[in-house]
Amino acid sequence: ASVALSDALAGLDPAQLEAVEHGDGPLVVAAGAGTGKTRVLTGRVARLLDAGVVPERILLLTFTRRAASAMLSRAAAMCGDAQAAQRIPGGTFHAVAHRIVAEHAQHLGLQDVTVIDPDDVVDLIDLLRAEHGLDGTEVRLPTTRTIADIASRTINTATPVRAIIEEQFPWALEQADQIAELLRHYRARKRERGLLDLDDLLIAWRALVSDPDVGARLRARWDWVLVDEYQDVNQLQVDIVRGLRPDGRGLTVVGDDAQAIYAFRGASAGHLLELVEAYPDASLVRLERNFRSTQPILDLANDVRPGELKLRLVADRPQQGARPALVACRNADDEARTIADRILAAHVDGTPLRSQAVLMRTGSHSAQLEVELKVRGIPFHKFGGIGYLETSHVRDLLASFRVVLNPADEVSWYRLLTRHRAIGKANARTLAGILADGGVDRASDAVAAAPAKARTGLASTLSLLGAVDVTTAVPELVEACRAAVDPLLRAHYPDWHRRVTEVDGIAQAAAAQPDLRTFVSEQAIDRVNVAGDWAKQPHLDEDWLTLSTIHSAKGLEWDAVHLMRANDGAMPSDMALTSSAGLAEEQRLFYVALTRARDTLDVYVPSQLPTHPTAFLARHVAAKPSRFLSESARPLMEAVNTAALTLAPAPAPGPALKPAETAPRVRTDAFDELFA
Ligand code: ATP
Ligand code: MG
């Protein structure tokens, strides 16, 4: 090995080193949070490159695009060959599926590949409901989101629609036939318009893998397949991985079944050990030591950890560290203020904002906190659970690209049409049908069918979009789309001035693409990046705080973690309270959250919560601490109580960080009342 690599490997513990130096037999690394699984995978990539393996022959599958690029740059540093590492194909299952499917579009009988994201799926099913008279009050179908969810579970678990409804949505059983019919229309319409949803991408990839010719070529293409976070793959993904490596040669997967948090999307726990059984010559490596957190943090995590007790995490770090804080707050506003206070206190003590994160079960939980952070001038960036409002303008611009690239893209037409004043939903559906059938060639029919008040605007949009097509140079195409949507968005969004920078960011990024179609599809696949990488991500030299859903925090770590709203009904989510499988998943989610912390962990428990998370004037009702903070967990935590603090008026907005005016008081007596 090169000197650079030997140095990098010198820090590994014996079990990690064994996994890194393992040969080409199937390898499964099953180990707890923070034990260095991702580091081992990175080490293997570095070792392969160092041994002269052609980078294109390594396939690296990760959970987010960010994770893939982070691993590749680390591997580059380890083996000292940055260029080689950047050539490794890597990313999410969906992103890789998209590349493979686009390459084999003809073989699959597709003219071109247009990927629709989960929101488009809902729009399309809505369209079909209206078309087939399934949106009225006579037939009481579940919401379109639920129907989309049923569709996805059907695909991801290879279970018939009726069985899924029986198992998971029994209250909708009477409408099972209508739902199944609607989903048949949905499939037919996707085929007709050349649209693929995210599940279709995986189905198509799997079909290619099991095709005799294409499959053989795909198997020959990669010698090494490495998968991170394997506990969260679903059956389709398992089939793809196993289909690519039928004898397990060159396959490495790492994961932690205790962190499986995607059962709702069809993942099932136990995949790691299943794989060990599937390959009789598989090697199973377990890592024991946790290199991330202090022991007091791990003590709490071990207490919350579901499943086998013997897999307790033990800290490798010598420092003892403080016990996790259990911070009792009065209500959601108090929680927001207290979090801001404690973030600033940590900041003053030397923990920069970028080393801190606020984690939450659901994106909407941070409504009050976001306002508080803005008022205090604390810069932050939110990952995961990005709401409709935050991305809709970005998606509007993307929709304009999409109708130019694929005029049959009915959902994108629908989206653009509803952005016109005076075009209602029903009208937008009709017009979208006309335009999807004939593209801008039928512009005059569409204009004629539009309400009188909308005609001038629509005619102008269509003439701008009609001036370009797939053959137009990308920058020119982007400019035409921008010209078409700008006036619509300006009139549609009252806060356009706040959105325009993001639209600029996307337009600039798009204009620089060699292949706009791939860019557009990738935005549908990895939506976090729409807002994340292109537009909102602050410059690296700026200091900013992370707000994230727990799902999006997977695999990441921060010096200080603030876990908000540890209440029953929030975490576990009230939707999970009725099923034991749902509860178990919430418990693993809680475990994932706790194990993100390196040095300090604050868990916030308001004693009152608004009945509706994002309504600022909503009534507050009493809230209980999360059931996961059990009797045995509490002695492992330091009680902090702020409930007795008087309300201080919110400071005036300003750019400078404002230190906490009152330090949180510690009072354990009132705190106990919370659990009474
Ligand atoms: P998760 O389950 O959360 O994804 P993981 O098992 O993938 O965790 P890593 O992210 O690879 O764990 O490692 C956790 C932290 O420990 C990282 O900061 C990593 O750099 C560090 N680490 C891993 N192995 C070692 C080691 N041998 N010596 C020092 N630090 C290490
Ligand atoms: Mg990891």
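FYI, it's all coordinate maths here, none of it is from the lab. Just so we're clear, the structure is a prediction, and the values are computed from it rather than from any experiment. With ideal geometry, Cβ positions are generated from the backbone for all residues, glycine too; neighbour counts draw on all protein chains shown.
Annotations for the structure displayed:
- For the pair Asp281 and Asp559 in one chain, pulling the backbone fully straight at 0.36 nm per residue adds 96.1 nm over the alpha carbon distance.
- Cβ-placed point charges (K, R +1; D, E -1), dipole of the chain about Cα centre in debye, nearest 20: 740 debye
- If the chain linking Arg187 and Thr472 were pulled fully straight, counting 0.36 nm for each residue of separation and taking away their Cα-Cα distance, it would gain 99.5 nm.
- Taking the chain as the region of interest, the number of lysine pairs whose Cα atoms are within less than 28 Å, with members eight or more places apart or on different chains, is 17.
- Subtracting the Cα-Cα distance of Arg634 and Glu288 from their residue separation scaled by 0.36 nm leaves 122.0 nm.
- Total formal charge among the other residues, if their Cβ is under 9 angstrom from that of Pro572, Lys/Arg +1 and Asp/Glu -1: -2
- Only DSSP H runs of four or more residues enter the estimate; each adds -39500 (n - 2.57), and after division by the residues of the chain the mean residue ellipticity at 222 nm equals -14500 deg cm²/dmol.
- Packing rank of 475-488, 569-582, where each peptide gets the mean count of other beta carbons within 10 Å, highest leading: 475-488, 569-582
- As a length-normalised measure over Cα pairs under 8 Å and 6 or more apart, the relative contact order of segment 577-637 settles at 23 percent.
- Beta bridges assigned by DSSP with both partners in the chain are antiparallel in approximately 10 percent of cases.
- Relative to the Cα centre, the charge distribution of segment 268-327, modelled as +1 at Lys and Arg Cβ and -1 at Asp and Glu Cβ, gives a dipole magnitude of about 380 debye.
- With each label modelled as a point 7 angstrom along the Cα→C-beta vector, the Arg145-Trp496 pair spans 2.9 nm.
- Calculated FRET efficiency for the pair Ser69/Asp316, C-beta based, R₀ 30 Å, to 0.05: 0.65
- Given +1 at the Cβ of Lys and Arg, -1 at the Cβ of Asp and Glu and no other charges, the dipole of segment 56-122 around its Cα centre is 400 debye to the nearest 20.
- Modelled spin labels at Ser210 and Met575, positioned 7 Å past Cα toward Cβ, are 3.0 nm from each other.
- Karplus-derived HN-Hα couplings along segment 434-439 (A = 6.51, B = -1.76, C = 1.60, θ = phi - 60°), whole Hz, x at Gly and Pro: 4, 5, 5, 6, x, x
- Peptide ranges 583-589, 509-515 listed from the most packed, as the mean C-beta count within 10 angstrom indicates: 583-589, 509-515
- Taking other C-beta atoms within 10 Å as the exposure proxy, Thr430, Thr92 rank Thr430, Thr92 from fewest upward.
- Each label was represented as a point 7 Å from its Cα along the Cα-to-Cβ direction; for Ala448 and His132 these points are 3.1 nm apart.
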